[in-house]
Amino acid sequence: MDAKHNARTRGDCKQFQQLAKDYLTKQQFSEGIELLQKAIDIDKKPIDASRKIFYIRHLNMTTAHRLRGDTKTALEHLKLAREYALHNFAASSFYIAVRCGEKEGLLYTQDGDLPMAKSAFDRALQAAIKIDPSNVLLHYRTAVVSLRQGEFQLAMGEVARVANVLADSLELKQRVNSNIPGESETIQEEIKSLRLFANSIRREIQGAEYDQYPDTQDTYDLLITSHYR
């Protein structure tokens, strides 16, 4: 297979995936899944360099079948995604521990198996903290499952962590955009609002112990330890 054909097929895969996303957004699942399958068929060609990211194709199929309500098929594609990713990445990598873990948690959530969903999100979150400490999505996923399980205090603790991480991210953005007129002030107001919100939750959960802890990330981690559950 020549370089020109390789470039064309990789371009086709990208186009198929974008069109599939559009179909899935419109809940036209059959059309979307058909296009995702075409991308997989192209990547099956051993010479194609994009085979190295074959796991992404199956993660996309996992999402498509989950949205369609077909958890069984979604899990099959998730298993394939994990297997292909293991050929290129360590089991503790972001691609396997975090991305595959989050997909697994979503599938269990959809099936109503909240303990398994919580377990999957927790594992993914622990991996994410080591690789990508600012990953807000998994904190949010954990909060949603905790809320559905009736663990309101734990859910609010995760929400506080989300607000705190968002404030951290905005502080980084503020440093980057410090020379843009008006931008810094707007971001500062958002940061202040998020910090106040996070601290109000922390005060409610920790009560009289609130003043004993500094306003640090470790303090927000304490909100979801067994001491506060």
Residues of the range 144-161 satisfying the condition of being within 16 Å of the chain's Cα centre (by Cα) and surrounded by fewer than 23 Cβ atoms within 10 Å (Cβ to Cβ)
V144, V159
Count of the range 174-228 residues which are among the hydroxyl-bearing types (S, T, Y), at pLDDT below 65, part of a helix (DSSP H, G or I) and open to solvent by less than 60 Å² (accessible area, probe 1.4 Å)
2
Just for the range 78-130: of the residues that are of a type in the set (S, T, N, Q) and modelled with pLDDT under 85, which one is surrounded by the fewest Cβ atoms within 10 Å (Cβ to Cβ)?
S92
Return the only residue of L67, L59, L147, L107 being without any contact (Cβ under 8 Å) to a residue 40 or more places away in the chain and of a type outside the set (V, I, T).
L147
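The values are calculated or read from the model by the stated rules, or taken from the named source; none is laboratory data. Every value quoted in this text rests on a predicted model; they were computed, and no experiment measured them. Backbone-built Cβ (ideal geometry, glycine too); neighbour counts: all protein chains shown. Calculation scope for accessible area: heavy atoms of the full protein, side chains included, ligands and nucleic acids excluded. Shrake-Rupley method; radii C 1.70, N 1.55, O 1.52, S 1.80 Å.
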